[in-house]
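Below is one structure, written out as structure tokens; comments come after it.
The values are calculated or read from the model by the stated rules, or taken from the named source; none is laboratory data. Given the structure is predicted, the values throughout are model-derived calculations rather than measurements. Don't worry about glycine lacking a Cβ; one is built from the backbone with ideal geometry, like all the others, and counts go over all protein chains shown. SASA here: full protein model, heavy atoms, side chains in, ligands and nucleic acids out. Shrake-Rupley method; radii C 1.70, N 1.55, O 1.52, S 1.80 Å.
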Amino acid sequence: MHQPTTQARPSIYYPYQVHAPWLASQHPAQGRHPVVIVGSGPSGMVTALELARHGVASVVLESELQVSQGSRAIVFTRRSLEILQQVGVAQRMVDNGLPWRFGNSYYRGQRVFRMEAPHDADDRFFPMLNIQQQYMEEYLLDACQAEPLVDFRWGNKVTQVAQDATGATLEVDTPEGPYQLHADWVVAADGGRSAIRAAFDLQMEGASYEGRFVIADIRIDLPLPTERLAFFDPDWNPGNTVLMHREPHGIWRVDYQLPENETPEDALQPAALATRINALLAQIGHGDKPWEMDWSSVYSARTLTLPDYRHGRVLFTGDAAHLLPIFGVRGANTAFQDAQSLGWHLAFAVKGIASAALVDNYSRERVGAAREIIEESGKSTRFMTPPTRGFRLLRDAVLSLSLSQEFVRPLYHWRTSRPHEYTQSALNSPGDDNALFKAGPAHGAPPQNIRLSANDYLLDHLGGGFDLLYFTEGAAMPEALQSVVNAARAKGVPLRVTAVGASAPVAGADQTLADADGHFRARYGVPASGAAYLLRPDQHVCARWLTLDATRLQAALNHALPQ
Ligand SMILES: Cc1cc2nc3c(=O)[nH]c(=O)nc-3n(C[C@H](O)[C@H](O)[C@H](O)COP(=O)(O)OP(=O)(O)OC[C@H]3O[C@@H](n4cnc5c(N)ncnc54)[C@H](O)[C@@H]3O)c2cc1C
């Protein structure tokens with residue numbers, strides 16, 4: 001019998017709430033469910049909320065009775081905020097988080113590189129926002145609990161999965177014993193140690209790195225701005241790298257590499273932790289400040305992915321699908337992109353708007369994204385923790401040269417999480433004008449946000465289905481185009497038409513956005529009226545035309561929704 005802990009988890013800043021378990025005896029008999037999601041971390045909850053936005057009900061099974069514990073994700077990217085905006089929690093993140101855009105790298109007491117993440121007036125969200133994962137999960141949980149299409153079950157642990165061609169049967173253990181659940185589709189969002197991945201004996205491919213890091217969250221009052229601090233080869237931790245981040249509630253994340261011969265057990269001894277943290281604080285000139293430990297653990301970098309995120313009727317997402325190093329803040333940020341993608345692909349297959357082949361596209365695209373991240377983050381991991389003598393020599397050469405040579409300093413800047421562009425997606429329209437555009441988001445790119453007026457942005461008006469941006473100074477959408485739109489809707493395709501560039505409502509459009517100074521057109525590379533963009537439900541571009549006609553729109557929709 002599954003007995004999750006009923007004690008609130010310890011924390012010096014986060015008040016854990018212990019929820020009541022969901023017990024089968026207190027509910028009517030179970031029917032078959034279209035989707036069961038295993039795990040209520042960021043990927044499970046965002047998948048559930050995305051499915052709900054597309055009208056698909058899901059059951060979320062969570063083995064624990066409270067949100068996640070200890071030091072986990074703290075840095076969330078702009079694209080993550082844009083995705084969280086779609087599921088209604090971005091404002092709470094912004095209200096309670098700490099935005100930032102600068103990073104500082106120090107070597108031998110000298111700041112050798114200052115990273116500045118791009119941010120312009122068209123961006124609603126900062127490039128990065130720091131907030132602890134516990135809060136983010138709480139906001140997602142509140143959104144799930146307010147959503148009638150999400151059936152959230154605390155204290156329900158999946159112990160077995162069996163599947164056939166049409167669905168799966170799950171064995172679920174609870175504090176009153178087990179019950180069975182039948183589903184057409186199962187989403188495995190059960191984290192890095194995925195029991196579902198293990199049950200099917202699925203192997204991940206990629207690398208694990210030798211270097212190990214202590215991650216500690218401490219409470220301390222430091223008069224420093226919210227900027228990332230990286231120290232290379234400090235005197236108290238020679239040859240190794242140290243990172244610091246400010247978090248809300250007076251907490252700081254300290255992240256330092258273990259000397260080679262030290263075991264994790266030794267490194268986590270209170271005295272060892274205190275010695276290192278005191279040395280770090282002395283190094284930054286705050287050795288006199290009192291501090292208090294919230295949580296510490298040891299972490300090592302891995303760059304692993306399943307080669308396919310679909311295993312029959314089981315779909316993998318988030319850490320269950322891939323394990324990415326924390327440098328570059330990839331885990332949860334990638335999980336959000338997975339979940340947003342999985343949400344619409346699966347919902348459209350469940351609703352019969354496209355065939356189940358659409359779900360294979362989720363796997364293809366997101367495995368491609370993970371492989372790109374693995375390639376990039378392998379480079380940053382090798383810079384932070386050189387795995388061989390050769391890599392160390394190279395890294396040390398960069399460090400030494402950077403004291404005097406400007407040109408090597410950008411090598412400090414490891415690439416942080418950014419949304420993958422589905423440049424080669426099978427859903428991109430082959431017959432459009434993508435190659436003729438001189439600017440604007442291209443095939444597979446996420447959308448370019450546009451500031452429309454104070455506190456009003458393009459992405460506030462898009463999402464939840466396909467979006468057709470039709471550029472016109474006022475002329476109505478041609479009737480033939482309107483017929484294609486209406487026919488798609490009649491088949492159940494959610495498709496919203498946004499006219500861009502007119503001062504009064506445009507006939508045939510669901511909404512009209514003005515563009516008096518032509519800024520919107522310029523950013524989208526649109527030279528004349530009659531041009532258009534088609535965005536998929538995850539807002540990535542799948543077609544764009546300098547001149548749109550009904551045949552081309554129909555072809556793009558057919559292509560994006562394989563039958
Ligand atoms: C120290 C550290 C720092 C990090 N920093 C960042 C960062 O700054 N930015 C970033 O983007 N990422 C960061 N990450 C990574 C991030 O925390 C994870 O990538 C993210 O939590 C993955 O989300 P998930 O939903 O896929 O899995 P998880 O969050 O692990 O959620 C899985 C859920 O499934 C549940 N579960 C497991 N097995 C079962 C079962 N059998 N039945 C039912 N439920 C089950 C678990 O209880 C859990 O709630 C960090 C991670 C660590 C450890």
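I'm trying to understand the selection: among the residues of the stretch 44-69, which are hydroxyl-bearing (Ser, Thr, Tyr) and either more than 10 Å from the ligand (Cβ to nearest atom) or open to solvent by less than 10 Å² (accessible area, probe 1.4 Å) (or both)? Within the stretch 44-69, Thr47, Ser58 qualify. Within the option set Arg72, Arg79, being among the basic types (Lys, Arg), out of contact with any strand residue (DSSP E or B) (no Cβ under 8 Å at 6 or more places or on another chain) and near the ligand (Cβ under 9 Å from one of its atoms) holds for one residue only, Arg72.
For the stretch 231-252, the set of residues classified as within 14 Å of the ligand (Cβ to nearest atom) and surrounded by fewer than 22 Cβ atoms within 10 Å (Cβ to Cβ) consists of Leu243, Met244, Arg246, Pro248, listed by residue number. What residue, of His519, His540, is open to solvent by 60 Å² or more (accessible area, probe 1.4 Å) and not hydroxyl-bearing (Ser, Thr, Tyr)? Answer to the selection: His519.
Listed here are the residues, each with its yes/no results for (1) modelled with pLDDT under 95; (2) under 23 Å from Phe102 (Cα atoms).
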position	(1), (2)
Arg395	yes, yes
Trp414	yes, yes
Ser417	yes, yes
Gly440	no, no
Gly444	no, no
Gln448	no, yes
Leu462	no, no
Leu469	no, no
Val484	no, no
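As a summary of the residue check, Glu292 satisfies the conditions (1) touching a strand residue (DSSP E or B) at 6+ places or on another chain (Cβ under 6 Å); (2) at pLDDT 95 or above; (3) within 13 Å of the ligand (Cβ to nearest atom) except for the one numbered (3). Out of all the residues in the stretch 521-531, is one or more within 14 Å of Ala475 (Cα to Cα), assigned to a strand (DSSP E or B) and without any contact (Cβ under 8 Å) to a residue 60 or more places away in the chain? So far as the stretch 521-531 goes, no, none of its residues is within 14 Å of Ala475 (Cα to Cα), assigned to a strand (DSSP E or B) and without any contact (Cβ under 8 Å) to a residue 60 or more places away in the chain.
In the stretch 169-191 there is at least one residue that is among the aromatic types (Phe, Trp, Tyr) and part of a strand (DSSP E or B).
Of the residues making up the stretch 422-474, those that are closer than 15 Å to His519 by Cβ and without any contact (Cβ under 8 Å) to a residue 40 or more places away in the chain are Ser453, Ala454, Asp456. Scanning the stretch 216-242 for residues that are modelled with pLDDT of 95 or more and in a strand (DSSP E or B) gives Ala216, Asp217, Ile218, Arg219.
In the stretch 345-393, of all residues being hydroxyl-bearing (Ser, Thr, Tyr) and in contact with an Asp or Glu (Cβ under 8 Å, 6 or more places away or on another chain), the one that is farthest from Tyr309 (Cα to Cα) corresponds to Thr385. Of all the numbered requirements in (1) over 19 Å from the mean Cα position of the chain (by Cα); (2) crowded, with 19+ Cβ neighbours inside 10 Å; (3) in a loop (DSSP other than H, G, I, E, B), Thr381 misses one, and that requirement is (3). Residues in the stretch 325-336 that are out of contact with any Leu (no Cβ under 8 Å at 6 or more places or on another chain) and surrounded by 24 or more Cβ atoms within 10 Å (Cβ to Cβ): Pro325, Ala332, Asn333, Ala335.
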